[in-house]
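Taking it in order: structure first as structure tokens, then the write-up.
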Amino acid sequence: MSLTFRETELDNGLRIIAEVEPTAHTAAAGFFVKAGTRDEALQDMGVSHFLEHMMFKGSSRRSADEVNRDFDDLGANYNAYTSHEMTCFYGSVLPEHLPPLVEILGDILRPALRDADFNAEKKVILEEIAMYRDHPFWTLYESAIAEYYGEHALGYRVLGTDESITTMPIERMRTYFDTRYSPDNTVIALAGKMDFDAVVGQIAQQCGHWTRTGARRAAPRPATNLGELSLRDAKVTRGYLLMLAPAPAAQDEDRYAAMLLSRVLGDADNSRLHWALVEGGIAEEAQAAYEPRDGCGDYYIYASGDPERLPEIREVIRREVAGLVDSLKQDDLERLCNTLATSVTLAGERPGGRMQRLGRYWTYLGKYMTLEEELAQIQGLTLDDLRAVAQRFPLTPHLIAQLLPAS
């Protein structure tokens, strides 16, 4: 795979980065905006995700139907997503269609934000909130994360609440857009076969007039709450358990060690929790995961099963967490290093995957790392590295939340 990394920055602060591969059969582009739920005011909870929807309602040049038609005419594989920390609009096409793909993405990033579209889309967002409310895991997760982070915006719900969406006026959305969707708060990531200089020239012509705002995010590690939370819901018949603990930040050099440590504990198919709980017939699901964030991170431990056995499930998890460090073996490390390396490599085999990796990495770290360098970091981990991160960030839960049937 012959890749060349290219980067440039326009006068207004818009960063353009690319992994150029002349032999690729596709090309991909993504606009990564450092705007997510943690950048919202409480009264505007959900505005980042709402804005993601509004981008596809059209610009001053395109209607919603024309946006979809123009993407489809290119045969584009396109979509968008919003998280607590960023919003991304992306697509993959044949190389000859990269310029029009970039043009459409750049166009919808300056949406019309029409009153009629805004009012109609509110109903769609409220339906989406209702849909997630019917999912036990998300019901538990959203309540747990809100309790865990307290008043910090990382505890806000990405979709918002019925109240925040219903009462949100379009003027506040426009103000949020004008502040956060600035060129100096956006990265355009490209990957695959392309003429990089030509694409940069096109972007400069289309986006060079966007106004710099100096948007920033303060990201010190927030305080988290300790305790327990118990919910009951008449719609559920099983018991659900979610545990949260602090973990390394996305910028922390220990992030890979934390990822492997969480997988030793709770990988889906072959882990301490899987063998102790699922294969042991005590729980139906049991997993652990690591979520790196801007300036902080979280460990998650999740399990579900018979409500009557939830105390037993909790005790098994407590025992496995307490004995995790002493139980680490070289076989665990080698197996998971190979699994993670395979996962990272597979994601990087196509321009679409490389574009996502490139954009997210730069948004968090503001620098470039080759796939080979990342693999070397993963494969260079030792058991001492896992033990060290476990000492810095023990997996002992700070918050334990459970969801049970109503009776």
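Here, each number is a calculation from the coordinates, and none is a lab measurement. The model shown is predicted, which means the values in this text are computed figures rather than measured ones. Every residue, glycine as well, gets a Cβ built from its backbone with ideal geometry; the counts of neighbours run over all protein chains shown.
Charging the Cβ of each Asp and Glu at -1 and of each Lys and Arg at +1, and nothing else, the dipole of the stretch 4-207 about its Cα centre rounds to 120 debye. Cross-link pairs exceeding 31 Å between alpha carbons, from the set K34/K123; K122/K367; K193/K367; K235/K329; K57/K367: K122/K367; K235/K329; K57/K367. In a fully extended conformation the segment linking Y368 and A204 would gain 56.9 nm over its present Cα-Cα distance, using 0.36 nm per residue. With R₀ set to 45 Å, the beta-carbon distance separating A322 from E171 gives a calculated FRET efficiency near 0.30.
Here the stretch 227-405 is treated with +1 on each Lys and Arg Cβ and -1 on each Asp and Glu Cβ, and its dipole about the Cα centre works out to around 420 debye.
What is the sum of charges around G305, taking Lys and Arg as +1, Asp and Glu as -1, for the other residues whose C-beta is under 14 Å from the C-beta of G305?
-4
Between E163 and S83, the contour length at 0.36 nm per residue exceeds the Cα-Cα span by 26.8 nm. Where the centroid of each part is defined by its Cα atoms, how far is the stretch 173-210 from the stretch 288-316 in Å? What the calculation gives is 39 Å, centre to centre.
In debye, nearest 20, what is the charge dipole magnitude of the chain about its Cα centre with +1 on Lys and Arg Cβ and -1 on Asp and Glu Cβ, if you could check?
Roughly 560 debye, rounded to the nearest 20.
Within the stretch 4-28, whose backbone N sits under 13 Å from a point 7 Å along Cα→Cβ of R212? The answer is 9-15, whose backbone nitrogens lie closer than 13 Å to the label point.
What 222 nm value per residue comes from the helices of the chain, counting each DSSP H run with n ≥ 4 as -39,500 (n - 2.57) and dividing by all residues, nearest 500 deg cm²/dmol?
When only DSSP H runs of four or more count, the value is -13000 deg cm²/dmol.
Quick check on the chain: take the gyration tensor over C-alpha atoms, sort the square-rooted eigenvalues as a ≥ b ≥ c, and tell me if it's rounded (a/c under 1.5), prolate or oblate. Walk me through the intermediate numbers first.
Numbers: a/c = 2.05, a/b = 1.35, b/c = 1.53.
Taking the square roots of the gyration eigenvalues as a ≥ b ≥ c, the chain is oblate.
Is the shape of the stretch 230-302 best called rounded, prolate or oblate, per the rule: a/c under 1.5 gives rounded, else a/b larger than b/c gives prolate, else oblate, with a ≥ b ≥ c the square roots of the Cα gyration tensor eigenvalues? List each step's numbers first, then the result.
Details: a/c = 3.95, a/b = 1.49, b/c = 2.65.
The shape class here is oblate.
Would you work out the Kirkwood radius for the stretch 4-207? I mean one over the mean of 1/r across all pairs of different Cα atoms, in Å.
In the stretch 4-207 this quantity evaluates to 17.9 Å.
Note on the stretch 277-335: the alpha carbon radius of gyration divided by the globular reference 2.2 N^0.38 Å gives 1.32. The residue list T213, L358, A234 was ranked by how far each Cα lies along the charge dipole of the chain toward its positive end, using unit charges on Cβ atoms, and T213 comes out on top.
Would you work out the relative contact order for the chain, in percent, from Cα pairs under 8 angstrom that are 6 or more residues apart?
It comes to 22 percent, rounded to a whole number.
Got the relative contact order for the stretch 314-407 handy, in percent, Cα pairs under 8 Å and 6 or more residues apart? 41 percent.
Summing charges over neighbours of E334, with a neighbour being any other residue whose Cβ is under 15 Å away from its Cβ, gives -2 when K and R count +1 and D and E count -1. Between the listed residues M243, W275, V389, the Cα displaced farthest toward the positive end of the dipole of the stretch 227-405, a dipole computed from Cβ unit charges relative to the Cα centre, is found at M243.
Which whole-number percent is the relative contact order of the stretch 1-113 (Cα, under 8 Å, 6+ apart)?
Reported relative contact order: 30 percent.
Taking every DSSP bridge with both residues inside the stretch 227-405, close to 75 percent are antiparallel.
How long is the gain from R221 to D195 if the chain were fully straight, where each residue apart is worth 0.36 nm and the alpha carbon distance is subtracted? Roughly 5.3 nm would be gained on extension. Projecting the Cα positions of F137, A41, F196 onto the charge dipole of the stretch 4-207 (unit charges on Cβ atoms of Lys, Arg, Asp and Glu, taken about the Cα centre) puts A41 furthest along the positive direction.
The residues packed around T370, meaning those with a beta-carbon under 14 Å from its beta-carbon, carry a net charge of -2 if Lys and Arg are +1 and Asp and Glu are -1.
Its Cα gyration tensor gives the stretch 240-372 an equivalent ellipsoid; the semi-axes, largest first and in whole Å, are 30, 16, 14. Translational diffusion coefficient of the stretch 1-52 (Stokes-Einstein, Kirkwood radius from Cα pairs, 25 °C, 0.890 mPa s): 174 µm²/s.
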